[in-house]
Structures are given as structure tokens and as C-alpha cells.
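To start, the structure itself, in C-alpha cells.
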Amino acid sequence: MAANPNPAPDPNQKLVRVFDTEQEAEVMVVSGLLESAGIACDVTGLDAPQDVLPIGGSIILVREEDAEKARQLIEEYRRAPGEELSEDFSDTGEGTAQ
């Protein structure tokens, strides 16, 4: 079996937080995007159990030298067409037959 070309960042290196979300699926997509661009990343859970409302989520950490490129890729991902359209018409009533 071939070695992983994008191993997790060395814990002794300075890591920078580039992304956080409460959605597990989104963190998987973004980490896959970064890894496909050759940026090693570490996904860390932020589970903080509370009595009433559980607070959780995940963050993505990358090496400091990869942070700028990672943020650019994430910004491009967030600007991707498709999801924005569903939000634009959700509560306005526009685009529906009357």
C-alpha cells in the first residue's frame, strides 16, 4: 500500500485554524478539498457537552505556511454556485406561482 502523500501536520509545527463548522459533512468536504490540493490538515472535534444545549463542531488546522492557500481554497468553495440560490428564494416567496 502506498504512503499517504498528505500526512497530518507534525504536532510540533505551528498549526493555524482555517475553518470551523458544526456540520460534520462540511468539515469532511473541506478537509478533502485541502488534501486534494496537497495541504495536510488536522480535523479536531470541539465537543463540549452542556446540560441543556450540547455545543460541538469541528475545526480544521493546517501548517502556518499553508494557511493562506487553504483560506483561499475555502473561500472559493464557499462562493461555489448552487447552494446560494436555494437560500435566496427560501423565504421571499419569489419564484413561486401565485
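The values are calculated or read from the model by the stated rules, or taken from the named source; none is laboratory data. Please read these numbers as outputs of a predicted model, since none were measured by experiment. Neighbour counts are summed over all protein chains in view; Cβ atoms, including those assigned to glycine, are modelled from backbone coordinates with ideal geometry. Each accessible area value is taken on the protein alone, full model and side chains, heavy atoms only, with ligands, DNA and RNA left out. Shrake-Rupley method; radii C 1.70, N 1.55, O 1.52, S 1.80 Å.
Worth a mention:
- Within region 63-98, the residues that satisfy the criterion of being over 20 Å from the mean Cα position of the chain (by Cα) and either open to solvent by 100 Å² or more (accessible area, probe 1.4 Å) or modelled with pLDDT of 90 or more (or both) are L85, F89, D91, E94, A97, Q98.
- Boolean, E35 is charged (D, E, K, R), in contact with a strand residue (DSSP E or B) (Cβ under 9 Å, 6 or more places away or on another chain) and at pLDDT 95 or above: yes
- A residue that is modelled with pLDDT under 95, polar (S, T, N, Q), in a strand (DSSP E or B) and on the phi < 0 side of the Ramachandran plot cannot be found anywhere in region 46-57.
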